[in-house]
Structure formats: C-alpha cells, structure tokens
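Asker: After the structure tokens below, expect a handful of questions from me.
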Amino acid sequence: MISVVIPTYNEEENIVRCLRSLKEQTLSREEFEIIVVDGNSVDRTREDAAVYADRILLQTSKKVGGARNDGVKAAEGSLIATTDADCFCPPQWLEIIEKGFTNPDVVQLYGPVFPIEKGLNYQVSLGMINALSAAGYHTGILYYTLGCNTAFRKETFLKAGMYRCIDAGDDLELALRMKRFGRVLWNKDMVVGFSMRRYRQFGTLKSLYEWLYIVAHGGETDKISYSRREYK
C-alpha cells in the first residue's frame, strides 16, 4: 500500500481539488490511503477533506516537515508519497511511483512540477527549477526533492531520521540521508501540478530570495518565516 501524506492549514480553497485528483488515480483505490495532517485550521479544511481522505490527523510536531512526519508515523503503507494541499496530482502519479519502487534498491523517488495557473512567467520559473533539479541529480551535486512531489520507503525514512522541523529546506537535505541506504532517483514522468500563489501574491523574486535566505541560514531565521503565512 502507498500512504499519501498531505499537510494542511486553512486550505479550504484548495484541498478539495487536490483530493479529487487523488480520487482519479489510475492506481486502484484499495492500493493507497490518504492521510491529511492538519495544523489546527480555523476554516473548513478538515470538514472538506473528510469527504475524500481516509484519515484526518491533528498535527503534533512543528512546521510542515513535522506534519509530514506525523503522517508517516501513522501510515499503514510501506511506501509514502507526499504532496501539498494546493497541488494537483495527475492520474498516473501513484502508478508511476509504485512502478518506481519495483527495484528493491530504490529508497526515494522525486520529480518535476508544472504550474497550475496559466502564464508564461510561471512556466519559465518552474522550468528553471526543473532544469536545476534534473542537472543537480545527474551531476550528483543537488537532490532537489520537493516535499510536494516525493516518495520514499517508510522504513528507510524512519531510519534516516525523518524530516527536519524547520521553516524551509527540510525537503532538500533528506535525500542526502536517504541515499546512505539505497538509490535516490529523479523521474521526469513523476510530475505534479504546483500552485504559484506564493509567487503571485508576494512576487517571484521576493519569494525565491526569502526561500534562499532561510535555507542559507539553516532552515530557520527570525527575519523571515513561511510558517502559517496567509494567502489571498
């Protein structure tokens, strides 16, 4: 079984689209479970998610990495797939993930993202990120394992120490720990629709600068925080 873990906080405007995309997967519904880990939302996130999800958990650990950790620890599946509440998962996403783990040496998979919103600037921005991700993988310099589109073996993830509970970058260095136990693979066909709402509201350059600043400071800083940021 694959356990899909989705962290949420005040996502009533997005969570239904995400969960409906999982409902339309080519993989049989009996072969995966959906776990939503909610950070005590004050809107209808939990109520709306309950229509589609198998389980709704209240987050007990810090930050988005902690929410994913909570979900993994409760998961029944031996394989974990993570995405975000504002993402869209194409129909073959889980089937591609399942096939990717037929090799027992593989411990983690990740792939590119495409913009949900229309706009050439969004396509260019994510195109650059995807190119960086592919180049980093093929050169062995960087494993850009975005939390919105990654999958791993639960047992290996727990051995590796799980996600760090920080503001940003928790999904970047995980692969460096996972590769000690097996192969980490980038799959160009394992794609996920990514919401550009942060870039649309706060600006692309500012958003990238803030993210890079936080990562450069070890994932946390008093100057900038992504935690519980409200979107329009």
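Asker: Within region 1-32, can you find the residues that are charged (D, E, K, R) and over 23 Å from SER195 (Cα atoms)?
Answerer: Within region 1-32, ARG29, GLU30, GLU31 meet the criteria.
Asker: Checking CYS18 against (1) under 22 Å from LEU146 (Cα atoms); (2) surrounded by fewer than 23 Cβ atoms within 10 Å (Cβ to Cβ): exactly one of these is not met. Which one?
Answerer: (2)
Asker: Checking ASN69 against (1) of a type in the set (S, T, N, Q); (2) touching a residue at least 12 places away in the same chain (Cβ under 8 Å); (3) not in a helix (DSSP H, G or I), which single condition isn't satisfied?
Answerer: (3)
Asker: Then there's this: Just checking, which of GLU12, GLU30 is over 18 Å from ALA151 (Cβ atoms), without any contact (Cβ under 8 Å) to a residue 60 or more places away in the chain and outside any loop (DSSP other than H, G, I, E, B)?
Answerer: Of the residues listed, the single one that is over 18 Å from ALA151 (Cβ atoms), without any contact (Cβ under 8 Å) to a residue 60 or more places away in the chain and outside any loop (DSSP other than H, G, I, E, B) is GLU30.
Asker: For LEU22, which of the numbered conditions (1) over 19 Å from PRO90 (Cβ atoms); (2) part of a helix (DSSP H, G or I); (3) within 16 Å of the chain's Cα centre (by Cα) fails to hold?
Answerer: (1)
Asker: Looking only at region 106-164, filter to residues that are polar (S, T, N, Q) and touching a residue at least 24 places away in the same chain (Cβ under 8 Å); which one of those is nearest to LEU174 (Cα to Cα)?
Answerer: Here the answer is THR145.
Asker: Counting only residues that are part of a loop (DSSP other than H, G, I, E, B) and either modelled with pLDDT under 90 or at positive phi (or both), how many does region 102-156 have?
Answerer: Number satisfying all stated conditions: 11.
The values are calculated or read from the model by the stated rules, or taken from the named source; none is laboratory data. Note that the coordinates shown come from a computational prediction; the quantities given were computed from them, not determined experimentally. Here the Cβ is made from the backbone with ideal geometry for all residues, glycine too, and neighbour counts use every protein chain on show.
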